[in-house]
Ligand code: PBG
């Protein structure tokens with residue numbers, strides 16, 4: 001039997017050869033660490049369904065961020081867990097709300113050495129757990145919510161956020177936030193839009209992390225996207241860019257590599273992907289049982305997300321993988 005001239009295995013023979021011809025590289029520069037900070041606690045609280053991740057106190061947050069800075073992780077995204085929730089989610093835009101307090105402290109401590117992002121949403125702060133305001137019938141009122149998103153953006157910008165990241169999937173959110181920021185001279189604050197965010201069962205552990213349960217056993221299918229749809233994601237992304245998004249995100253990641261790849265072919269601004277809590281926790285749980293090699297799977301997941309076309313990845317693995325990449 002004669003082989004064809006071209007034999008692909010030749011370049012797979014040694015680690016150095018494989019490294020040399022690698023099309024995709026995962027670097028610490030690609031990583032963004034999601035961090036939780038909780039109001040009114042004295043010691044960090046482990047999150048059972050996100051092993052290795054905690055709800056931080058303001059102090060433990062500072063320690064974690066100093067380690068991320070030392071590891072060279074370029075960015076973090078903050079989520080707040082308020083001591084009390086209400087109908088309108090007022091902790092989200094209160095200047096003394098937990099995320100605003102944490103942002104001020106981190107800006108003081110770390111200057112510009114790490115990019116400070118703030119998740120911009122109401123769900124962590126509302127008693128009903130929805131991402132927006134409810135109308136009389138209990139539906140999420142898109143346009144009333146936009147006004148509040150503007151307030152949240154201003155509170156986060158005033159507290160020192162470099163980037164605000166609207167995750168509520170309200171139509172017109174990016175434009176409303178851009179207008180609110182520009183009117184108050186925060187033109188330099190960027191917007192990373194959760195542009196194509198699917199209504200996914202993979203956010204379950206995150207909702208434990210922020211103590212959210214949706215009223216009446218509801219869901220977010222009325223505003224987050226249906227996972228049956230791909231073309232619609234491209235329309236979401238195009239709209240967010242036209243409204244002024246500086247970075248667009250696809251979320252979750254692993255089951256949506258087709259979306260990342262299709263978006264990459266169209267989009268020339270930076271693209272992020274969110275490897276979400278459920279994706280992380282599945283890897284951790286299987287690794288704990290000795291069924292898979294957790295580090296190896298994490299590297300494979302994150303590299304695949306880069307290969308699909310994402311420039312940066314929000315991942316609970318950020319700290320550990322940054323250490324792994326350094327060693
Ligand atoms: C909403 C928000 C969610 C996540 C990030 N921002 C939850 C949701 O939409 O239900 C999920 C992140 C994760 O699962 O890791 N503020």
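The residue that is farthest from residue 267 (Cα to Cα), among those in region 283-302 that are touching a residue at least 60 places away in the same chain (Cβ under 8 Å) and surrounded by fewer than 17 Cβ atoms within 10 Å (Cβ to Cβ), is 288. Suppose the filter is at pLDDT 95 or above, surrounded by fewer than 22 Cβ atoms within 10 Å (Cβ to Cβ) and within 21 Å of residue 245 (Cβ to Cβ); does residue 192 pass it? So residue 192 fails the test.
Per the conditions (1) over 14 Å from the mean Cα position of the chain (by Cα); (2) buried (at least 16 other Cβ atoms within 10 Å of the Cβ); (3) under 21 Å from residue 117 (Cβ atoms), the sole criterion not satisfied by residue 269 is (2). Going through region 95-124 one residue at a time, which ones are part of a loop (DSSP other than H, G, I, E, B) and touching a helix residue (DSSP H, G or I) at 6+ places or on another chain (Cβ under 7 Å)? Result: 95, 97, 113, 114, 122.
When region 195-232 is limited to residues that are in contact with a helix residue (DSSP H, G or I) (Cβ under 7 Å, 6 or more places away or on another chain) and assigned to a loop (DSSP other than H, G, I, E, B), the one that is modelled with the lowest pLDDT turns out to be 213. Would you be able to tell me the number of residues in region 67-113 that are at positive phi and touching a residue at least 24 places away in the same chain (Cβ under 8 Å)? Count: 2. Take the residues in region 178-194 that are under 19 Å from the mean Cα position of the chain (by Cα) and without any contact (Cβ under 8 Å) to a residue 60 or more places away in the chain; name whichever of them is nearest to the ligand (Cβ to nearest atom). The qualifying residue nearest to the ligand (Cβ to nearest atom) is 193. Taking the criterion of being within 16 Å of the ligand (Cβ to nearest atom) and within 20 Å of residue 301 (Cβ to Cβ), the residues of region 234-266 that qualify are 249, 250, 251, 252, 253, 254, 255, 256.
Residues of region 279-320 that are in contact with a strand residue (DSSP E or B) (Cβ under 9 Å, 6 or more places away or on another chain), part of a helix (DSSP H, G or I) and more than 16 Å from the ligand (Cβ to nearest atom): 306, 308.
Might you let me know whether region 205-212 holds any residue that is surrounded by fewer than 19 Cβ atoms within 10 Å (Cβ to Cβ) and within 26 Å of residue 150 (Cα to Cα)? Yes - at least one qualifying residue is present in region 205-212.
The values are calculated or read from the model by the stated rules, or taken from the named source; none is laboratory data. As the structure is a prediction and not an experimental result, all values here were calculated from the model. Note that we place each Cβ from the backbone using ideal geometry, even for glycine, and neighbour counts take in every protein chain shown.
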